[in-house]
Structures are given as C-alpha cells and as structure tokens.
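Everything on this sheet refers to the single structure shown next.
The values are calculated or read from the model by the stated rules, or taken from the named source; none is laboratory data. Because the structure is a prediction, the values reported are computed rather than measured. Cβ placement follows ideal geometry from the backbone for every residue including glycine, while neighbour counts extend to all protein chains displayed. Heavy atoms of the whole protein, side chains included, go into the accessibility calculation; ligands, DNA and RNA do not. Shrake-Rupley method; radii C 1.70, N 1.55, O 1.52, S 1.80 Å.
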Amino acid sequence: MSPSVLFHPAVVAWFERSFRAPTAMQTQAWPAIKAGRNVLIAAPTGSGKTLAAFMTAIDDLIRQGLDGALPDETQVVYVSPLKAL
C-alpha cells in the first residue's frame with residue numbers, strides 16, 4: 001500500500017525525499033501496523049524493518065503536534081536488537 005494513503009502528507013514528503021520507494025515488506029506491514037495490530041517482521045538486514053515500524057510512530061507524533069495535542073512525555077522507545085550491537 002502506498003505511504004500516501006496511510007500517512008500524513010508531511011511524512012510522505014519526507015519519505016519520498018529520503019528514499020526511492022518503500023520496500024515490499026514495508027508496504028505489506030504498514031496497513032497492519034497502522035491498524036494497531038501486532039506485527040512480526042522477519043526480513044534481512046537493510047530491508048527497512050525499523051522504518052516500517054517507526055513510520056507509524058513518526059506519523060502519530062506529527063499528527064499530534066499539528067493538532068496541538070503533543071504531550072511532553074515519552075511515547076516511543078526503541079530497543080536496538082542485540083545482534084546489531
């Protein structure tokens with residue numbers, strides 16, 4: 001699914017400036033992640049797993065900020081996989 005259908009235009013614009021296109025894994029995962037479902041992504045290093053997960057978090061934070069409802073609190077925590085260390 002295209003990012004423009006799921007994400008705020010500002011997030012889509014950033015993504016399009018930064019990347020050529022979403023990976024197949026990202027387009028498959030984004031609808032489920034945006035729907036709030038639990039998602040397990042098993043894909044090779046460099047395939048975009050982290051961004052697949054973070055795009056929804058980035059989108060949610062952008063929308064909250066634009067709505068003036070972004071609380072001063074931690075909402076997203078990322079724990080690096082041990083294998084990457």
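Pick from Leu66, Leu51: which is at pLDDT 90 or above, surrounded by 10 or more Cβ atoms within 10 Å (Cβ to Cβ) and within 13 Å of the chain's Cα centre (by Cα)?
Leu51
Counting only residues that are open to solvent by less than 40 Å² (accessible area, probe 1.4 Å), modelled with pLDDT under 90 and outside any helix (DSSP H, G or I), how many does the stretch 1-47 have?
The number of residues fulfilling the criteria is 2.
Only one of these conditions is not met by Val76: (1) within 23 Å of Ser2 (Cβ to Cβ); (2) outside any helix (DSSP H, G or I). Which number is it?
(1)
Can you name every residue in the stretch 71-82 that is modelled with pLDDT under 90 and farther than 19 Å from Ala35 by Cβ?
Residues satisfying the conditions are Val77, Tyr78, Val79, Ser80, Pro81, Leu82.
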